[in-house]
Each structure stands twice: as C-alpha cells, then as structure tokens.
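Engineer: Next up is a structure, given as structure tokens.
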Amino acid sequence: RKEVEQDPGPFNVPEGATVAFNCTYSNSASQSFFWYRQDCRKEPKLLMSVYSSGNEDGRFTAQLNRASQYISLLIRDSKLSDSATYLCVVNIGNTDKLIFGTGTRLQVFP
Amino acid sequence: EPEVTQTPSHQVTQMGQEVILRCVPISNHLYFYWYRQILGQKVEFLVSFYNNEISEKSEIFDDQFSVERPDGSNFTLKIRSTKLEDSAMYFCASSPTGQGDTQYFGPGTRLTVL
C-alpha cells in the first residue's frame, strides 16, 4: 500500500464550482498533515496545515479523520487561479521528512 | 516575506561529472532539507540536516550524495558522479523547528544529466 495515496485526477470544473479531494495515508503514527499546492514545474507551496478538529482558510476547508486515516480538502467557489496540482503531505512523528502523495490535478475552466 | 533561494535554476551536466546545487535557507530556520522530483513523479525526501550534521537520509541518498553548510547561510547538495537517472528537480527546504513543522521550499534546480 502506498504511504500517501491520492486520486491523480484531473478534476475539470467550471469557475464557481465546489470540488473535494481525498487522500489516505498508511502509517497510523503520522502526526502532521498538510496540503501543498504545486504549479507546473514549480516548488510545492503550503496551502494549509490540517488539524484534527478540521480547519478553514477562506474558500479552503481541510478535514482529518485519524480513525480512517483520511484527509480531505474542499475548495469552494473555484477560481481559474486555483488550477494546480494539490499535494497531500504527511509527517510521521519520529522523523522530519515529509511524505508526499502523487498529487491531484485541478483544472478550473471559465 | 523571507524565501528559500536556490541556484542555479537549471544545470546541465555530462554523466559522470560532479555537480553542486546551492540553497540559501530562510535566515532564522534551523532545519534544512533536500527533496527531489523526477518529471511526472512525486516529491521524494533525500536528506535532513540539523546542527551541522545529517539527521536522516533516504535510500536514494547514497555515497554519491553529500550535503554541507559551508558558511552561515548556504546549504549545498553535491552529487559526485552524476547518472542519467539523477535528472530531476531538486528542491531545498527549511523549517524553523523541524519535528513536523511547516517546511518552506525553494524554487528548485532542474538538473539535466546527458
């Protein structure tokens, strides 16, 4: 089983749509969770950390379900500028390294 | 806003040559990392560095790789004898405290081995 698994997409959605991405992780010792965004041939940029109680940042909402080892990202009112690859990233507590999923590609069209 | 910087942005080299990739982490950060991303694949951890020594390395980080912090600002990745399969994007990252804290990535160096 992959350490971090994501649907690669692509998700093609119109502007204004709501879109949700899911991610599962295999190591139950995972302690920190993040969503990063990566534009084509650019570096990963932190979108948001994911907390156990769930958290929201503007149009973006992240949820964590530790029992199911599942993380989600919801984007409301999609903008053209949201087009990117969204990376689910996990850190296991006894190490510094980040473990990346392969990413889910989002394309927002007018 | 402070950023991680990397040079060069693109490096082309012949197989068997040595390359040094350079990074300037965010100034008050204490933990430094190298990751790589082969085209079309996921980002993979190479090495973490703290207090002037390697704290963790992956299976990819074999004897051909080394890291160094030669002065108070630079953090380098050296590949001694490049192979075709080393062609990838190499990202440097830094973190204020490590231990699951947010890591901030530089813009990357695209390494092409011919």
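The values are calculated or read from the model by the stated rules, or taken from the named source; none is laboratory data. As the structure is a computational prediction, the values presented were derived from the model and not from experiment. Here the Cβ positions follow ideal geometry from the backbone for every residue, glycine too, while neighbour counts run over all protein chains shown.
Engineer: Every residue in the range B:69-114 that is closer than 15 Å to residue B:39 by Cα, of a type in the set (D, E, K, R) and away from chain A (no Cβ under 14 Å), please.
Structural biologist: B:85, B:86, listed by residue number.
Engineer: Take the conditions outside any loop (DSSP other than H, G, I, E, B), charged (D, E, K, R) and away from chain B (no Cβ under 14 Å) and apply them to residue A:5. Does it pass? Explain how you work it out, then say what you get.
Structural biologist: On the way: outside any loop (DSSP other than H, G, I, E, B): yes; charged (D, E, K, R): yes; away from chain B (no Cβ under 14 Å): no.
Taking the combined requirement at face value, the residue does not satisfy it.
Engineer: Could I ask something else about it? State all residues of the range B:76-114 that are at pLDDT below 95 and in contact with a helix residue (DSSP H, G or I) (Cβ under 8 Å, 6 or more places away or on another chain); if no residue qualifies, say none.
Structural biologist: none
Engineer: Sticking with this one: For the range A:48-95, which residues satisfy the criterion of being polar (S, T, N, Q), free of Cβ contacts under 8 Å to residues at least 12 places away in the same chain and part of a strand (DSSP E or B)?
Structural biologist: Matches in the range A:48-95: A:55, A:65.
Engineer: Which ranges mark the strands (runs of 3 or more DSSP E) fully within the range B:6-70 that have 1 or more residues being within 20 Å of residue B:81 (Cβ to Cβ) and touching a Lys or Arg at 6+ places or on another chain (Cβ under 8 Å)?
Structural biologist: Working: elements: B:10-13, B:19-24, B:31-37, B:43-50, B:53-57, B:65-68.
In the range B:6-70, the matching strands (runs of 3 or more DSSP E) lie at B:10-13, B:19-24, B:43-50, B:65-68.
Engineer: Here is a further query. Mind listing whichever residues of the range B:98-109 are touching a strand residue (DSSP E or B) at 6+ places or on another chain (Cβ under 7 Å) and in a loop (DSSP other than H, G, I, E, B)?
Structural biologist: B:98, B:100, B:101, B:102, B:103, B:106, B:107, B:108
Engineer: Can you tell me which residue is farthest from the other protein chains (Cβ to nearest Cβ) among those in the range B:3-46 that are surrounded by 14 or more Cβ atoms within 10 Å (Cβ to Cβ) and without any contact (Cβ under 8 Å) to a residue 24 or more places away in the chain?
Structural biologist: Here the answer is B:44.
Engineer: Check the range B:48-62 and report whether any residue there is hydrophobic (A, V, I, L, M, F, W, C), buried (at least 21 other Cβ atoms within 10 Å of the Cβ), under 15 Å from the mean Cα position of the chain (by Cα) and within 23 Å of residue A:36 (Cβ to Cβ).
Structural biologist: Going residue by residue through the range B:48-62, those that are hydrophobic (A, V, I, L, M, F, W, C) are B:49, B:54, B:60-61.
Retained after the next criterion (residues that are buried (at least 21 other Cβ atoms within 10 Å of the Cβ)): B:49.
Filter once more, so that each one left must be under 15 Å from the mean Cα position of the chain (by Cα): B:49.
Now narrow it down to the ones that are within 23 Å of residue A:36 (Cβ to Cβ): B:49.
For the range B:48-62, residues hydrophobic (A, V, I, L, M, F, W, C), buried (at least 21 other Cβ atoms within 10 Å of the Cβ), under 15 Å from the mean Cα position of the chain (by Cα) and within 23 Å of residue A:36 (Cβ to Cβ): present.
Engineer: Within the range A:94-105, track down each residue that is touching a Ser or Thr at 6+ places or on another chain (Cβ under 9 Å), more than 7 Å from chain B (Cβ to nearest Cβ) and surrounded by fewer than 21 Cβ atoms within 10 Å (Cβ to Cβ).
Structural biologist: A:105
Engineer: In the set B:82, B:112, B:76, which member is assigned to a strand (DSSP E or B), over 14 Å from the mean Cα position of the chain (by Cα) and more than 17 Å from residue A:98 (Cβ to Cβ)? So that I can check it myself, show each step before the final result.
Structural biologist: Working: B:82 fails: assigned to a strand (DSSP E or B); B:76 fails: over 14 Å from the mean Cα position of the chain (by Cα).
The match here is B:112.
Engineer: Name the one entry in B:49, B:32 that is more than 16 Å from residue A:44 (Cα to Cα), out of contact with any Gly (no Cβ under 9 Å at 6 or more places or on another chain) and of a type in the set (Phe, Trp, Tyr).
Structural biologist: Numbers: B:32 fails: more than 16 Å from residue A:44 (Cα to Cα).
Result of the check over B:49, B:32: B:49.
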